[in-house]
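Report on the structure given below.
The values are calculated or read from the model by the stated rules, or taken from the named source; none is laboratory data. None of the values given here were measured: they were computed from a predicted structure. A quick note on method: Cβ atoms are made from the backbone with ideal geometry, for glycine too, and the neighbour counts reach across all protein chains shown. The accessibility values were calculated without ligands, DNA or RNA, using every heavy atom of the protein model including side chains. Shrake-Rupley method; radii C 1.70, N 1.55, O 1.52, S 1.80 Å.
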Amino acid sequence: MQGINAGDTAFILLCTALVLMMTPALALFYGGLVRQRDVLSVMIQNFICIGVVGVIWVFGGFSLAFGPDIGGAIGNFAFYFGMYDVGIDPNPTYAPNIPFIMVFAYQMMFAIITPALMTGAFVGRFQFGAYLFFITAWTILVYVPAAHWVWGGGFLAKLGVVDFAGGIVIHTCAGFSALATAKFLGKRRVAPGESESAPASLPLVALGAGLLWFGWFGFNAGGAYAADALAAYAFTNTMLAGSIAMLVWMFWEWRETKHPSFSGVLVGAVAGLATITPASGYVEPIAALAIGAIGATACYFAKYVQRWLKIDDTLEVWRAHGVGGLTGALLIGLLASPHINQVSASLHQFGVQLLAVTIVGAYASAVTLIILKGLDSFGTLRVPEEIQEEGLDTMLGERAFNLWNMDRTLPK
């Protein structure tokens with residue numbers, strides 16, 4: 001068909017598949033980091049987002065995020081509802097060289113992974129039935145408006161805010177909402193004498209981190225919507241930021257604890273990848289190194305803020321994603337190069353980026369708390385303490401590890 005570029009379309013097909021893979025990869029990453037008796041409860045929370053958010057995206061989600069703008073606040077609900085007028089003809093507003101249905105599919109993968117990112121913050125405390133209602137309401141009331149404001153022609157986009165692949169829309173939204181959810185649900189309850197932070201399987205974490213990094217190339221490079229020079233810059237910047245962040249995180253941890261840790265190396269890389277995400281298509285590769293290093297440093301030392309807040313963010317989602325996404329979005333204003341994507345570093349650009357992360361972070365936190373309070377009024381969101389001690393996998397009737405029928409529960 002005239003207007004469709006086969007190479008660009010093939011590239012976005014691949015990127016879309018890579019981004020979808022990141023949700024199962026996240027399940028492995030989080031599942032390996034939690035207690036053995038909570039592994040499946042975390043993994044199912046991640047996987048179920050594929051089903052819930054995928055259906056939402058068809059019936060109104062995509063319309064509200066990318067439909068014609070209404071007052072800078074939201075898209076037209078009726079325009080693409082039920083995938084009406086979402087076909088193979090390119091949409092010049094978003095991607096003139098690929099079928100519009102691929103924009104729909106690619107953005108759907110972003111919408112799926114965003115609520116999944118939050119699950120690491122409230123491990124072992126959230127009733128699964130209530131969680132399904134929570135991610136439904138959160139996707140519609142938090143993610144979709146934020147996506148429209150920045151990517152769908154909303155008021156932040158009109159102010160000049162840029163976010164190449166989701167540092168504001170995805171990481172800031174998820175990070176601050178995760179912190180609000182962890183605060184609302186309160187501290188975990190563990191059995192006497194049991195460590196809160198004993199990981200179930202570090203090799204599982206490593207597999208998840210590796211697959212996340214692999215998928216992140218589609219996550220960032222796909223934002224160009226074409227197999228072109230901009231995609232090549234985003235791809236390279238992603239690699240460099242993750243690499244330097246891994247080393248910088250290891251340096252700070254080694255300096256503080258007198259030894260490195262494998263989990264720290266993996267988490268540091270993810271923090272760097274989150275930080276480069278909003279800036280990946282706006283900066284030179286040498287600037288990506290600086291962003292990865294700054295992001296790892298900011299995320300590492302954010303632990304002191306988290307301790308001061310006294311919020312039990314189990315896997316420190318706010319620290320890695322909220323702080324990382326926020327930092328990367330702000331660094332666009334300091335390091336963006338007009339030779340990459342027509343965005344220049346300036347005081348004005350820094351100011352609008354700061355305004356955007358402030359508005360989105362505050363909005364996500366406030367609306368998340370409203371959703372939680374509303375759901376809690378219909379029943380208890382928090383899992384009973386005796387089940388928290390036993391592990392939430394008991395509620396699924398399954399176990400993640402069953403080696404030679406060994407009973408891995410603690411003695412009563």
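So which of A178, A221, A198, A227 ends up being touching a Phe, Trp or Tyr at 6+ places or on another chain (Cβ under 6 Å) and either among the basic types (K, R) or in a loop (DSSP other than H, G, I, E, B) (or both)? It would help to see each step written out before you state the result.
Numbers: A178 fails: either among the basic types (K, R) or in a loop (DSSP other than H, G, I, E, B) (or both); A221 fails: either among the basic types (K, R) or in a loop (DSSP other than H, G, I, E, B) (or both); A198 fails: touching a Phe, Trp or Tyr at 6+ places or on another chain (Cβ under 6 Å).
So the residue among A178, A221, A198, A227 that is touching a Phe, Trp or Tyr at 6+ places or on another chain (Cβ under 6 Å) and either among the basic types (K, R) or in a loop (DSSP other than H, G, I, E, B) (or both) is A227.
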For residues that are at pLDDT below 80 and not hydrophobic (A, V, I, L, M, F, W, C), scanning just segment 398-412, find the one that is most open to solvent (accessible area, probe 1.4 Å).
K412
Odd one out for G361, checked against (1) on the phi > 0 side of the Ramachandran plot; (2) in a helix (DSSP H, G or I)
(1)
Run F378 past the list (1) in contact (Cβ under 8 Å) with a residue 60 or more places away in the chain; (2) aromatic (F, W, Y); (3) not in a helix (DSSP H, G or I) and report the number of the one that doesn't hold.
(1)
Within segment 167-178, is there a residue that is in contact with a Gly (Cβ under 7 Å, 6 or more places away or on another chain), open to solvent by 10 Å² or more (accessible area, probe 1.4 Å) and either closer than 30 Å to H339 by Cα or at pLDDT below 95 (or both)?
no
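For segment 246-299, how many residues meet the condition of being touching an Asp or Glu at 6+ places or on another chain (Cβ under 7 Å) and either over 24 Å from L28 (Cα atoms) or part of a helix (DSSP H, G or I) (or both)?
Matching residues across segment 246-299 total 2.
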Applying the selection to segment 325-344, what residues are free of Cβ contacts under 8 Å to residues at least 24 places away in the same chain and crowded, with 18+ Cβ neighbours inside 10 Å?
G333, L334
Name the single residue, out of those in segment 238-266 being among the aliphatic types (A, V, I, L, M) and under 19 Å from G166 (Cα atoms), that is surrounded by the fewest Cβ atoms within 10 Å (Cβ to Cβ).
M239
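Could you identify the single residue in A147, A121, A105 that is in contact (Cβ under 8 Å) with a residue 24 or more places away in the chain, over 17 Å from I370 (Cα atoms), under 20 Å from the mean Cα position of the chain (by Cα) and surrounded by fewer than 24 Cβ atoms within 10 Å (Cβ to Cβ)?
Values: A147 fails: surrounded by fewer than 24 Cβ atoms within 10 Å (Cβ to Cβ); A121 fails: surrounded by fewer than 24 Cβ atoms within 10 Å (Cβ to Cβ).
Residue meeting the stated conditions: A105.
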May I ask you to verify whether A241 is farther than 26 Å from K187 by Cα, part of a helix (DSSP H, G or I) and small (G, A, S)?
yes
Tell me yes or no: at least one residue of segment 227-234 is within 23 Å of the chain's Cα centre (by Cα), surrounded by fewer than 20 Cβ atoms within 10 Å (Cβ to Cβ) and more than 21 Å from L33 (Cβ to Cβ).
yes
Out of segment 41-89, which residues are farther than 27 Å from L156 by Cβ and open to solvent by less than 20 Å² (accessible area, probe 1.4 Å)?
S41, V42, Q45, N46
Return the total of residues in segment 283-300 being closer than 16 Å to F164 by Cα and open to solvent by 30 Å² or more (accessible area, probe 1.4 Å).
2
Counted residues in segment 12-39 being of a type outside the set (V, I, T), in a helix (DSSP H, G or I) and open to solvent by less than 40 Å² (accessible area, probe 1.4 Å) come to 15
